[in-house]
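Computed from the coordinates by the stated procedures, all read-outs in this text should not be read as laboratory data. In this text, all values refer to a predicted model and were calculated from it rather than measured experimentally. Here the Cβ positions follow ideal geometry from the backbone for every residue, glycine too, while neighbour counts run over all protein chains shown.
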Amino acid sequence: MDFRIPKVMGIINVTPDSFYSGSRTPGDSEILGRVLQLKEEGADILDLGGYSSRPGAEDVSAEEEYSRLARGLEIVRREWDDVPVSIDTFRACVARRCVEEWGVDIINDISGGTLDPAMWETVADLRVAYVLMHMRGTPATMQELTDYADVTAEVITDLSRKVYELRGLGVNDIIIDPGFGFAKTASQNFRLLNELGEFCRMGMPVLAGISRKSMIWRTLGITPEESYEGTVALDAIAVDRGADILRVHDVRAARQTVELLSRLG
């Protein structure tokens, strides 16, 4: 991909319980509507998730997660076959089936390889792109693990070590994600956003996943459903700080943000 102009990754949550209700597409008709909407709005990449990572979300088996994803992937491949597709999963077995059976292009792993020790070798074997995100603990425990002396430096150090190990396994296409909202406080999230350019120095595409997250709605005292404007504002800052990919619920707004900022040169 050419990242001279940032790409927009549209979110499709094939789940009944994702934190933002507007992103939930549990049935075929909802999935179809979402796919057609993101196509019309001009998403560059689709990111499908079948397992909600919000604190308190119901745990689902690998088989159920794959079943949800397969339902979404069947519709995507039927309606928009040439769009690059990412799968949001931390399970190696789910990643393998989605790549081998549906031709998925990117594995988006919220755990950065910590929740399934087979993930990195699986990605290396499949030769697909890998989103390496920073997180501590699990979705259930991560918000208890926010003790950092220097959040930016420690996240970069952790990701750099993992990049070195991934390169040794033969994983060449790595996308860096600081993990906004995952084992970080609101103030730590804002510092990571302000210092996003430091991640760009790592020499790999940087993904910013800020859309409708609690750093917006809790800070403003609103709900995820009311955080559209705040998301647009912070996505603009992310692009200004060097983000190569915006992972968003609202693709049209993100596309417009990218287009306007690209005119600044």
Subtracting the Cα-Cα distance of S29 and R201 from 0.36 nm times their residue separation yields 57.7 nm
For 74-83, 3-12, ranked highest to lowest by mean beta-carbon neighbours within 10 Å, the order is 3-12, 74-83
So S61 and T219, fully extended at 0.36 nm per residue minus their Cα-Cα distance, gain in nm 53.5 nm
Taking the chain and counting helices only, DSSP H stretches of n ≥ 4 at -39,500 (n - 2.57) each over all residues, the nearest-500 ellipticity at 222 nm comes to -13500 deg cm²/dmol
Length gained if T185 through A153 is fully extended, taking 0.36 nm per residue and subtracting the Cα-Cα distance, is 10.0 nm
Amide H contacts under 5 Å for V206, restricted to residues at least 5 apart in sequence or on another chain and with H modeled in the peptide plane, are I176, D244, I245
Between R212 and residues 5 or more places away or on another chain, the pairs with built amide H atoms under 5 Å apart involve T231
Cα-only Rg/Rh for region 85-186 with Kirkwood Rh rounds to 0.98
Here the Cα Rg-to-2.2 N^0.38 Å ratio for region 138-199 is 1.19
Region 76-90 and region 210-265 have their Cα centres apart by a whole-number Å value of 22 Å
Averaging 1/r across every pair of distinct alpha carbons in the chain and inverting yields a Kirkwood hydrodynamic radius, in angstrom, of 18.4 Å
Checked against the positive end of the charge dipole of region 70-168 (+1 on Cβ of Lys and Arg, -1 on Cβ of Asp and Glu, about the Cα centre), the farthest of V85, L159, T141 is V85
Long-range amide H partners of A129, meaning residues 5 or more apart or on another chain whose placed amide H is closer than 5 Å, are I107
Sorting G42, I237, P224 by the position of each Cα along the dipole of the chain (Lys, Arg +1; Asp, Glu -1; all at Cβ), the one nearest the positive end of that ordering is I237
Computed over the Cα atoms of region 170-262, the Rg and Dmax in Å are 13.1, 45
With +1 at each Lys and Arg Cβ and -1 at each Asp and Glu Cβ, the charge dipole magnitude of region 1-158 around its Cα centre, to the nearest 20 debye, comes out at 260 debye
The size of the Cβ-based charge dipole (Lys, Arg +1; Asp, Glu -1) of region 100-162 about the Cα centre, to the nearest 20 debye, is 140 debye
Applied in sequence order to region 256-265, the curve 6.51 cos²θ - 1.76 cosθ + 1.60 (Karplus, θ = phi - 60°) yields integer Hz couplings, x standing for Gly and Pro, of 5, 4, 4, 4, 5, 5, 5, 6, 6, x
Answer in debye to the nearest 20: the dipole magnitude of region 47-130 about its Cα centre, from +1 Lys/Arg and -1 Asp/Glu charges placed on Cβ, is 20 debye
Checked region 1-140 against the a/c 1.5 cut and the a/b vs b/c comparison, axes a ≥ b ≥ c from its Cα gyration tensor; verdict rounded
The simple spin-label model distance between A233 and D173, using points 7 Å out along Cα→Cβ, in nm, is 3.6 nm
HN-Hα couplings for region 233-241 via Karplus (6.51, -1.76, 1.60; θ = phi - 60°), in whole Hz with x for Gly/Pro, come out as 4, 6, 5, 4, 5, 4, 5, 4, 7
With the label point 7 Å along the Cα-to-beta-carbon line of K39 and a cut-off under 19 Å to each amide N, the hits in region 103-123 are 103-105
